[in-house]
1. Please list, in order along region A:61-77, the HN-Hα scalar couplings obtained from phi with the Karplus expression 6.51 cos²θ - 1.76 cosθ + 1.60 (θ = phi - 60°), rounded to whole Hz, x for Gly and Pro.
2. Just to confirm, what accessible area per residue do you get for region B:130-192 at 1.4 Å probe, in whole Å²?
3. Using only Cα atoms, find the angle between the long axis of helix C:176-209 and the longest principal axis of chain C, and express it within 0 to 90 degrees, rounded to the nearest 10.
4. Per residue, how much accessible area does chain A have with a 1.4 Å probe, in Å²?
5. Taking only protein heavy atoms into account and a 1.4 Å probe, give the accessible area per residue of chain C in Å².
6. Heavy atoms of the protein only, probe of 1.4 Å, neighbouring chains included. What is the accessible area of B:E155 in Å², nearest 10?
7. Give me the residues in region A:80-96 whose solvent-accessible area, probe 1.4 Å, is reduced by at least 10 Å² once all protein chains are included instead of the chain isolated.
8. Between A:L169, A:M200, A:L190, whose Cα lies farthest towards the positive end of the dipole of region A:115-209 when Lys and Arg beta carbons carry +1 and Asp and Glu beta carbons carry -1, centred on the Cα centre?
Amino acid sequence: MNAPTDQGNQLAIEFMKGLWKENPIFVMVLGMCPALAVSNTAINSLAMGLATLFVLFFSSLLVSALRKVIPAQVRITTFVVIIATFVTLVDFLLAAFTPAIHKELGAFIALIVVNCIILGRAEAFAARNPVLLSVADALGMGLGFTLALFGVGAIREILGSGSLFSIPLFGNSFEPWVVMVLPPGGFFTLGFMLLVFNWMQQRKKQTASAKPV
Amino acid sequence: MDNLMWIFISALLVNNFILAYFLGICPFLGVTHKLETAFRLGLANVFVMLITALCAWLLNTYVLIYAPYLRLISFIIVIASTVQFVEMAIKKLSPELFRALGIYLPLITTNCAILGLALFATNKGYGLAESLVYALGAGGGVTLALVLLAGIREETRILDIPDVVKGTAFTLIVAGILSMAFMGFAGMFSGN
Amino acid sequence: MAQDVKSSRLVFTLGMAGFISGLVLVSAYLYTLPMIEANKAQALERAIYQVLPGCNAFKPMGLSAGKLEVQEMHGSDAIFAGYDAKGQLIGFAIPAQVIGFQDVVAGIIGYDPVRKAIIGFEVLESKETPGLGDKISKDAAFRNNFTELECASGVVIVSKGKKSKPNEVEAISGATISSKAVVKLLNQGLEQWQAPIDIYLNEQVKKQQE
């Protein structure tokens, strides 16, 4: 392998790991605190995921670019200031351009700031790696987070109100499982998704160990 | 008085921070293996929430009317530093108390539930008394949820659960059932 | 010596971070503020037009020294006088809130002071159970209760299909508590504002006669 493809490869690896192998929600079970509460419909969870992706992307970019300038003692404080700035920015932009979504998400947009993923990635990855890699990592993690959250939101909306993106799917005879759009549904959906994820990981391990080395 | 009572009950049971708002799940899933630990963590939560409510109210009433765009940043920084100061003060004044709660304080400061409390209380326009009662209710609710889950976990430790379900998946499903039970509290103090 | 340099650098870094973040936030705030205000005003306008059919202009009003007056700067406890195209007073839009099933239910009441009737009602905010309690804002039959509801001596809740008097509201079956909350909200809002509105209208009439 020569150098350029090597770098390309590494970018791809950093990007892909967030989608599945180190998916922030399924594997690290991180950053669900403020996000699950607004995962009762597909559109809300998608908006929440994208808002988080935005903040993650830009704070990783900035943290990585400034990693040599920021002294270690005030590292965390500076990171928090950077993240909080971007979150406030998202909050203002959503309120200005998509008031309906802003009303649905409410205070939970501001709560992105305490989403463990963002500070976690800034601290664990962006503060130690060059800009390009950090951005790839942030994009992968953010997308992985968005997809997982969107999955939760879609499942809850389909089962709980019989629709997806407010488009009815089943006709009138469908009796919605109201509990799915209520808080318990959030716990159940994520619990079962984790279960399926665990099961798939286990099967993969078994087939891998079954193969002759 | 009626209103204060409702704020307390609502935050404690009906709109429980953990079971209805999913706030503070990280410690909920991570730390709640032992009743004793869960209870202490809950108490530390109540403590930090009371400080938070006070800070948020002060900021919101005296500072943020002039600079609303600093809301988030000032909440985070002021709450984090106040908790640190109080932590130092406790260490000096009452080593007993510090040993009981101390190790949890840094863990909680960056918790979603704490910032959530500050945001909700100011969004709802609560005054000082209301904020403090709200903090007490929310903290009590967190303690209740933590203790309940820890109890269930202690009881189920020796159960023969399939490997795939073990761990977080199991905890989440138990939390879902708890959350469903707590739905029964809805409707208190309303209607008539 | 090295320590000194360090601590000044710490302060400088934090200061810079704060300064830049402040700059970004202030400009974002100034840029989005007019849009956010416009969105809010639009939402309020839509709600008022909904509950006062035929309305196309409104003035915020509030109590000052116990008397109802038109207010330029209105707080959260204002009501709104609605006028039609000819400048005739149609009625008042009265915001109110009560404790519902899950959390606070906030709504706005369209009130016709001449006929002493509710002529519209919109839920502004509620977290009532989807599929059950949230019918207070979605169920057409329930909403029909508020197109012409006599309210001189308060409104009363009855079960579905049992409405016999003009001041009765038919509850949603399966959402009794939410329905009751709405009725309570109506009565609370009216109780608070009916008297000041009557006084205000009497004065207006007197002024015209003079």
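The values are calculated or read from the model by the stated rules, or taken from the named source; none is laboratory data. Bear in mind that the values here come from a model prediction, so they are computed numbers and not experimental data. Don't worry about glycine lacking a Cβ; one is built from the backbone with ideal geometry, like all the others, and counts go over all protein chains shown. We work out accessible area using only protein heavy atoms, side chains counted, and drop any ligands, DNA or RNA first. Shrake-Rupley method; radii C 1.70, N 1.55, O 1.52, S 1.80 Å.
1. Values per residue, Gly and Pro as x: 4, 6, 4, 5, 5, 9, 4, 8, 8, 7, x, 4, 5, 10, 4, 4, 4 Hz.
2. With all protein chains present, region B:130-192 gives 44 Å² per residue.
3. The angle comes out near 80 degrees.
4. 45
5. Per residue, chain C has an accessible area of 55 Å².
6. Number for this one is 140 Å².
7. A:V80, A:V81, A:A84, A:T85, A:T88, A:L89, A:F92, A:L93, A:A95, A:A96
8. Highest projection toward the positive end goes to A:M200.
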